[in-house]
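Participant: Okay, handing you the structure first.
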Amino acid sequence: MSSSSSMTRMRRRAFIRASYHPGGPIPAAPGDAARVARVLICEPHDDITALLELVVRRLGHEPVAYPGAGAGGGLDRVDAAVIEPGEREGLALAQSLRTRSIPVLFTSIYPAESSVLALEPDAYLVKPFPLYALERALEQALAKQPAAVAVG
């Protein structure tokens, strides 16, 4: 056995697949009392949705997939939303969330139109954008929100 094959095997073991699994939770650092936010993701493309969910999980928050128009259930318990405003459904959702003072971040391949900017999104990111831009925008939007108080 050559040294290169044993090194490959060693590297393969060092890679912890579970830490990159999109379905797994990302634990907060010990002593980190930051709250876990529920972030709604409304994106028509599955591959982009998966990437946005990964970014949200990496920040220690819970991504919530948009169930579609008329579903309504669970949308009252979101703390922020990342929305593709190009579809009429996305704009209607953003309007609904903004009336409840929920932070909305838009991600689109198109430059912002005045009708979209009238909704006063917390951020408007033009694709492709670096993932850290979404991370920063989401953290800034959530920092404006008051922390939820658990009633027990």
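Just so you know, all these numbers are worked out from the coordinates, no wet-lab data involved. Since the structure is predicted, the reported quantities are computational estimates derived from the model, not experimental observations. As a convention, Cβ positions derive from the backbone with ideal geometry for all residues, glycine included, and neighbour counts pool all protein chains shown.
Participant: Relative to the present Cα-Cα distance, how much length would full extension add between Glu120 and Leu51 at 0.36 nm per residue of separation?
Facilitator: 22.4 nm
Participant: Once the Cβ-Cβ distance between Ala92 and Glu135 is put in as r, and R0 is 30 Å, what FRET efficiency do you end up with, to the nearest 0.05?
Facilitator: 0.65
Participant: For segment 35-144, what does the relative contact order come out to in percent, with C-alpha contacts under 8 Å and a separation of six or more? Spell out each step's value before the answer.
Facilitator: Working: 153 pairs, mean separation 27.3, N = 110.
Computed over segment 35-144, the figure is 25 percent.
Participant: Per residue of segment 123-134, in order, report the coupling 6.51 cos²θ - 1.76 cosθ + 1.60 (Karplus, θ = phi - 60°) as ³J(HN,Hα) in whole Hz, putting x for Gly and Pro.
Facilitator: 7, 10, 9, 8, 6, x, 10, x, 4, 5, 5, 5
Participant: Could I ask something else about it? So, R0 is 22 Å and r is the distance between the beta-carbons of Lys144 and Ala112; what FRET efficiency does that work out to, to 0.05?
Facilitator: 0.65
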